[in-house]
C-alpha cells in the first residue's frame, strides 16, 4: 500500500477533445510524409532489395518487382491513394467515405510491416544485413517514414479517466496501460461511413462483379503462394489492407450494395469460384481448392446446427464419415463388403440418407440435453463412430468397414460418361482430376448454401433461432423444441453426408483416422467448430472464409510444424478477445457483442 | 368440485358470463415436501378479465406454470374449453392458451417482427421441405403470417419498430411485444404474468387500455399483478392466493373489503380493528415522545413503530 499522493502523471498529456497525433509532429507534415512515403514505397519496389536469388521470389531485378515486392507495391499504392484521398483530391474522395486518416494509418502499417518482415527474413535467411542491396535500405526507410507520418495524423483522443489516488501501484499501472490502449485504439478508428449514394443498378452490379473479381484474385494469389515468406507477407497485406479498406468505410459500402442485390451476389460468388480452376495451369492448387471446399461445406452444414439452432455439436465430423463410408461401400471398391456399383446420384442419396439416419439416431437420445452436456455427449458419439468403424473389421466385429485399413481404391466418378479421373480440355484450358471434383463439390456447396439461406429465413429457421435464444419461451410459443432441434440435427447431418460422398472419391480411401475429434489436418470436429466460430456464426460467408483460412494457414506455413496447434490456439484466443463475433459478423451478433458501438438499430434482412 | 358452485355465485358483476374457457380443479403442485399450490380451483369465462393476486411467494407463478404445461400438476386437472390440457407447454399453446413471463423472455437477438412471427408458429404448418423448395404455398403462408404479425404490432403500437432488435426496445415496449407475440398464437385465453412490473403510471394505464382491447377481441384474460389499482380497475373477478391456497374470490369490492386479504398483505391484525389500534399506538407513541423528550432522546425511535411494541 504505497499511498502515492503524487499528482497524476497525466498532467502533461493532452486532454479530451484534443486532436493531436500519436507522434508529436505537425499534421500537415505527417500527411505529406505519409503520402510521399507511400509513393516512394511504390518506387522502391522496382529496385533490387538483395543481391542473390537465393532468397525466394528473386528480389534482385531492377525495374521489375517480384515476390514480396509485389505485396509491398500494393500496400504502398494503397497508402498513396488513401493519402491523396485524405487531401481531398477530387474523384479520390469516394475512396474514403468514412475519412481517410485511419485507413492511411493501416495502409502505411501494412507497407511497413511487409517491408520490414522481408528485410528481417532476408537477413535471417542469408545471414546478416550485408545481403541487403541499397534498394532494400531505401524501401525500409521510406516505409518507416510513411508510417511515422501516418501516426502523426490527428485523431479524437478519448477523455482521460482520472485514477483513484488510493490505488496501488499495480492498479495504477493497469489503469494507465488500459488508458494508453484506449488511445491507440482511438488512433486507428474512424467515423461511420456515409451512406452509399444511389447508383443505377447496372453500376451496382458492376461494382459487385468488381468486388468478386478482386476476391477471386486475392484468393487465387493466396492459394498459389509458393513459399512461407510470401504467404506470411500475403497474410500481413491482406489482413491490414482489408482493415484499411474497412476503416475507409469501403467495406461497409460494399456490404450495403451487396445486400441490395443478394441473389446476384450469391450467384456471382459461385461463378467467381467456378472460375478458379481456369486460373490454374496445373492441378496442384485445385487440390487445395477441393479440400477447402469440402471443409467449408461441412462447416456451413455445422453452422445450421451451431449457428442457427445453437446446438453445440463436437462430433460433427462423424456425419461426414458416415456419408463417405456409405458412398465408398456402394462405389464398387474392391474392399467394400458389398459388390455394388451405384451411379453417383444414387450414391449421393445413399450417403445423405445414411447420415440422416445416423443423425436422427444420435439426436433422438442426446437432444434432451442442453448446452455443455450436449457438447460432451456429441463428442462421445463422434468417438464412438470412429472406434466402431475401426472395429468392424472382421475380427472384433462383422466385416463391414475393413477396420483401420479402411475402404481403399475407390474408383473415380463417371457422371454421364464424363470421367472425373482424367484431365479434360475445355476451351483451351486443361481441367484436371481435382478441378473436376472442384466443380462437383461447388455444386454440393451451392446446395448447402441454398438450404442454409432458405431454411434460415422461414418458419423453421425462426424456430431454430428462437430455441437458441430462449428455449423456455420458445416452448411457450408453441414450438416443439425437441422436434425442431432434431430437424436441425438431421439436416446438418445429411448435408455433411452429402459432402462426404464426394470426399470419398476425392481421397480414394476412407479410413476411420480421417474423422478425428482433433488433429492437425482439417476437417476434424474441432477445426470445423473453429471455422464456424472464427468465420462468424449464423452467416454464410463466415464459415467459408474461416474454413479457407484454417485450411490454408497450416498448409502453407510448413515451418510452424509442431507449433501448428499452438499457433491455432493462440489465434483463436486473440480472435475471441478482440472480435468475438467472428471475421464475418452477422449484424445481429455485432450488436450483441459491441453494444457500446453506435447501434444501427434497424435490420433490413433476417439472418446473414 | 363443491367449490365450483360458489365461484359461480361470486360473479355477479360479469356483464355476460359466457362459456367457461378455463376450468382448473383442485390444482396441487408439490416440490418434494413443499406444497407450492394446494387445491386451487379457478374458472375463467369467455370475455372475462380475471385477476390473480397474492403476496410474494404465494404460488401465483407456479399456478400459472401449471396452467401452461411448464409444470405438470401433482394433483387436479386443468381443462381448456372442456378438454383436459396436454402436459407439454407447446401443446398447451397450440390448444389456445398463450402467456407472457414475469421476467421478460423475448428472443432478444431477433427483430420485433420475427418475435411475433415466432408466435405464429402453431398457426402455420410450413416445414423444412416447404422452406427449401419455396412453392407458392410457402410464399402465401409467409405473406399471411407477416400481414397478421404487422396487424398485431399495429394493435400494440409497435408497427414502426418492426425491424428493430427486440433487445433494443425500451422496457415498456418489450412488455407490449411480449403480449403481441403471445397474441400471435391466436389464443382463446391469455395469461399475463405481472404485465406492469417496473412500469411508470402512464405505461400502466396504457397497458390497462391494451388489456381491455384484448378482452374486446373476445380473448379471456387471466392476469397476475401486484399493482392493486391496476387489478381492481381491470378485473371482473379477482382471486386471492395465499400460501398456495385460494383465500377468496369475487369482484373488486368483495376482495378489497375482505379482512383476510388485508391481513395476508399487511400481516396479522392486532386486536379487533387493526386500523384503530394502530392509530392509538401512534398517538400514544407521540404523547410518550413529547413527554419523554426532555428526559431521553434516544428512546423515541424504538417506540415510534407500532408493530415494535407488540414484542
- Message: Looking at B:127, B:119, B:137, can you tell me which residue is farther than 22 Å from residue B:158 by Cα, touching a helix residue (DSSP H, G or I) at 6+ places or on another chain (Cβ under 9 Å) and at the interface with another protein chain (Cβ under 7 Å from one of its Cβ atoms)?
- Response: B:127
- Task: Scan segment A:190-226 residue by residue and report those that are crowded, with 17+ Cβ neighbours inside 10 Å and not in a helix (DSSP H, G or I).
- Result: A:190, A:193, A:196, A:225
- Go through (1) within 8 Å of chain A (Cβ to nearest Cβ); (2) over 21 Å from residue A:476 (Cα atoms) and name the single condition residue B:154 misses. (1)
- Considering A:506, A:451, A:502, which residue is within 22 Å of residue B:133 (Cβ to Cβ) and touching a residue at least 24 places away in the same chain (Cβ under 8 Å)? A:451
- Message: Given the condition within 11 Å of chain B (Cβ to nearest Cβ) and modelled with pLDDT of 90 or more, answer yes or no: does some residue in segment A:433-447 qualify?
- Response: yes
- Starting from residues that are buried (at least 21 other Cβ atoms within 10 Å of the Cβ) and assigned to a helix (DSSP H, G or I), keep the ones in segment A:85-103 and report whichever is nearest to the chain's Cα centre (by Cα). A:103
- Item | Of the criteria (1) modelled with pLDDT of 90 or more; (2) in a helix (DSSP H, G or I); (3) within 8 Å of another protein chain (Cβ to nearest Cβ), which one residue B:185 fails | (2)
- Note on the structure: Scanning segment B:84-116 for residues that are closer than 13 Å to residue B:24 by Cβ and part of a strand (DSSP E or B), the one farthest from the other protein chains (Cβ to nearest Cβ) turns out to be B:84
- Task: Check every one of the strands (runs of 3 or more DSSP E) wholly within segment B:189-260 and list those with 3 or more residues that are within 19 Å of residue B:57 (Cβ to Cβ) and in contact with a helix residue (DSSP H, G or I) (Cβ under 9 Å, 6 or more places away or on another chain).
- Result: B:237-242, B:245-250
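For every residue, the table says whether it meets (1) assigned to a helix (DSSP H, G or I); (2) surrounded by 13 or more Cβ atoms within 10 Å (Cβ to Cβ).
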| residue | (1), (2) |
| --- | --- |
| A:360 | yes, yes |
| A:364 | yes, yes |
| A:368 | no, yes |
| A:376 | yes, yes |
| A:380 | yes, yes |
| A:389 | yes, yes |
| A:396 | no, no |
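Given the residues A:403, A:394, which is the only one that is in contact with a strand residue (DSSP E or B) (Cβ under 8 Å, 6 or more places away or on another chain) and on the phi > 0 side of the Ramachandran plot?
A:403
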- Expected single match for surrounded by 23 or more Cβ atoms within 10 Å (Cβ to Cβ), touching a residue at least 24 places away in the same chain (Cβ under 8 Å) and under 25 Å from residue A:532 (Cβ atoms) among A:301, A:268 is A:301
- Task: Please find, among B:69, B:54, the residue that is within 12 Å of chain A (Cβ to nearest Cβ), buried (at least 20 other Cβ atoms within 10 Å of the Cβ) and on the phi > 0 side of the Ramachandran plot.
- Result: B:69
- Query: Is segment B:68-79 home to any residue that is in the same structural domain as residue B:233 (by TED's automatic domain parsing), under 13 Å from the mean Cα position of the chain (by Cα) and closer than 23 Å to residue B:218 by Cα?
  - Reply: yes
- Just one of B:163, B:203 is within 14 Å of another protein chain (Cβ to nearest Cβ) and closer than 26 Å to residue A:472 by Cβ; which is it? B:163
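Could you tell me how many of the residues in segment B:57-66 are away from chain A (no Cβ under 14 Å) and not in a loop (DSSP other than H, G, I, E, B)?
3
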- Message: If the requirement is being part of a helix (DSSP H, G or I) and at the interface with chain B (Cβ under 7 Å from one of its Cβ atoms), which of these qualifies: A:467, A:487, A:479?
- Response: A:487
- Item | Yes/no for residue A:281 being crowded, with 19+ Cβ neighbours inside 10 Å, out of contact with any helix residue (DSSP H, G or I) (no Cβ under 6 Å at 6 or more places or on another chain) and at pLDDT below 90 | no
- Query: Restricting the search to segment A:501-513, which residues are more than 18 Å from residue A:436 (Cβ to Cβ) and buried (at least 24 other Cβ atoms within 10 Å of the Cβ)?
  - Reply: A:510
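Filter segment B:128-168 down to residues that are outside any helix (DSSP H, G or I) and modelled with pLDDT of 90 or more, then give me how many there are. Lay out the reasoning, then the answer.
Going residue by residue through segment B:128-168, those that are outside any helix (DSSP H, G or I) are B:134-135, B:157-158, B:162-165.
Then drop every residue that is not modelled with pLDDT of 90 or more, which leaves B:157-158.
Adding up the residues that qualify gives 2.
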- Sole miss for residue A:516 among (1) assigned by TED's automatic domain parsing to the domain that holds residue A:317; (2) surrounded by fewer than 23 Cβ atoms within 10 Å (Cβ to Cβ); (3) over 21 Å from the mean Cα position of the chain (by Cα); (4) under 29 Å from residue A:413 (Cα atoms) is condition (1)
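The values are calculated or read from the model by the stated rules, or taken from the named source; none is laboratory data. Please read these numbers as outputs of a predicted model, since none were measured by experiment. For neighbour counting, all protein chains shown are included, and Cβ atoms are generated from backbone atoms with ideal geometry for every residue, glycine included.
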